[in-house]
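Working notes for the structure below.
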Amino acid sequence: MPEILLTNARVLIDSEFQSAQVLIGADGRISAVVGLTGQTAGLPAGQAAVVDLGGAYLAPGFFDLHFHGLEDKTTNGNELAELASVEIRHGVTSFTPTLCAAGVKLLKLIEEKTIQAQKLSQTTRCPGFYLEGPFVSLAGAIPPECLMEADMGFARELIATAGKMIRVIMISPELPGAVELIELMAGAGITVALGHTAATVEQTQRAIDGGASLATHIYNVYKEMPKSPEPGVWPVGVYDVLTADDRVTCEVICDGIHVHPVNAKIICRAKGPEKVAIITDSNVGAGLKPGRYEFPGWPAVEIRSGDAVRDAEHGWLCGSAITVDEGVRRGPKVMGCTLAQACDMAGRNIYNVVGLGEEFGKIAPGYWADFVVMDEQGEVRGAFVGGEMVYKSRKV
Ligand SMILES: [Zn+2]
């Protein structure tokens, strides 16, 4: 691959879009960034092919951390290549498809998906999976056959079989044996998320001390507010611990519906812009135009503009309708942050919490040249993976 010089771009550096030029080396990594505040000299193009981005916004590619499906496809049922071909159009350059299963079925599913992940090239990368379970106490929308007790023997088998492909595992901290399980997983280099839980404050704190560092879709599938301990004293719950503890990054379904904007703003301010992860938790229907849809095995759903996916007959929630880029665009309104901060919440913060932050998620020398190209409204115009422009919208 020849060297490429990206010019005429607003580049996300230190949580701000700044005028800069980015030189991509022959190895697909960033070799230089010039034009930071106080520096005016451009990079000599030399042998590099110059790509003029026409004033577009350039950010590290988004990371779809937690999703079950998109359009008419599911992570369990479709080839990862089919999902990647949708994701890349939304500026997603890495994803960890969420898998729900238990026992032997889970081991088989991971094996099958690992083969699919290895086949991906020149599209969204798959550095592993997000296991939503099986060690879960509150099922929420997880089918009961996908749940298990905290079984240390199975947990060891899971680690031995799946190796590094388990990037995240969600565990409910109140399960008997949860702390030991969390220590085992975190010790194996897996990011442990807490969620689907009715844990007490103490159980949550012990789980974080044991190595948990992520909160699964905060404010969704958590026990409602506990009773007041004493008259006149405001109660405290599991979500308060997750929000207050600096060791934890909180996932927020950033559609403005699954988390009320008041709560989203509280989380954003309490955590600071570096400890929030924008997620979609999307399933079939997400990313489609408003309308009524019928997918095999699902009740008919309806999607209205700016809303979630809803049961067409009863109107109840069937999942979010957003893609990651739409979550980023809604970020300023839902969380009261800047577009640049929302990009970090869908990129850098996630790479950091899953242990990839040394090589991905930052526009700086040595990092992989995985980028999303946007206009000033955050509409995706293109995507780079390993220095190659693998997606380009007609509007570029
Ligand atoms: Zn969930």
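Side notes on the structure shown:
- Selected residue [open to solvent by less than 10 Å² (accessible area, probe 1.4 Å) and in contact (Cβ under 8 Å) with a residue 60 or more places away in the chain] from Leu214, Leu194: Leu214
- Residue that is surrounded by the fewest Cβ atoms within 10 Å (Cβ to Cβ), among those in region 271-284 that are more than 16 Å from the ligand (Cβ to nearest atom) and in contact (Cβ under 8 Å) with a residue 24 or more places away in the chain: Glu274
- Leu107 vs. criteria touching a helix residue (DSSP H, G or I) at 6+ places or on another chain (Cβ under 7 Å) and more than 16 Å from the ligand (Cβ to nearest atom): yes
Condition check ((1) touching a Ser or Thr at 6+ places or on another chain (Cβ under 7 Å); (2) more than 16 Å from the ligand (Cβ to nearest atom); (3) in the same structural domain as Phe371 (by TED's automatic domain parsing)) across all residues:
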| position | (1), (2), (3) |
| --- | --- |
| Ala101 | no, no, no |
| Ile115 | no, yes, no |
| Pro134 | no, no, no |
| Ser137 | yes, no, no |
| Gly140 | no, no, no |
| Pro144 | no, no, no |
| Glu149 | no, yes, no |
| Met152 | no, yes, no |
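- Elements of the type strands (runs of 3 or more DSSP E) sitting completely within region 288-396 and holding at least 1 residues that are surrounded by 15 or more Cβ atoms within 10 Å (Cβ to Cβ) and basic (Lys, Arg): these cover 309-311, 380-385.
- Pair list, Cβ under 7 Å, 6 or more apart: region 139-155 residue farther than 18 Å from Asn220 by Cα and in a loop (DSSP other than H, G, I, E, B), other residue open to solvent by less than 50 Å² (accessible area, probe 1.4 Å) and away from the ligand (no atom under 16 Å from the Cβ): Ala150/Gly177; Ala150/Ala178; Ala150/Leu181
- Residue within region 174-182 that is touching a residue at least 24 places away in the same chain (Cβ under 8 Å), within 16 Å of the ligand (Cβ to nearest atom) and in contact with a His (Cβ under 8 Å, 6 or more places away or on another chain) present: no
- Only one of Ser94, Ser85 that is under 25 Å from Arg381 (Cβ atoms) and assigned to a helix (DSSP H, G or I): Ser85
The values are calculated or read from the model by the stated rules, or taken from the named source; none is laboratory data. Everything quoted here is computed from the prediction, not taken from an experiment. When we count neighbours, we look across all protein chains shown, and the Cβ atoms used for this are built from the backbone with ideal geometry, even at glycine. For the accessible areas, the whole protein counts, side chains as well, though only heavy atoms, and no ligand, DNA or RNA atoms are used. Shrake-Rupley method; radii C 1.70, N 1.55, O 1.52, S 1.80 Å.
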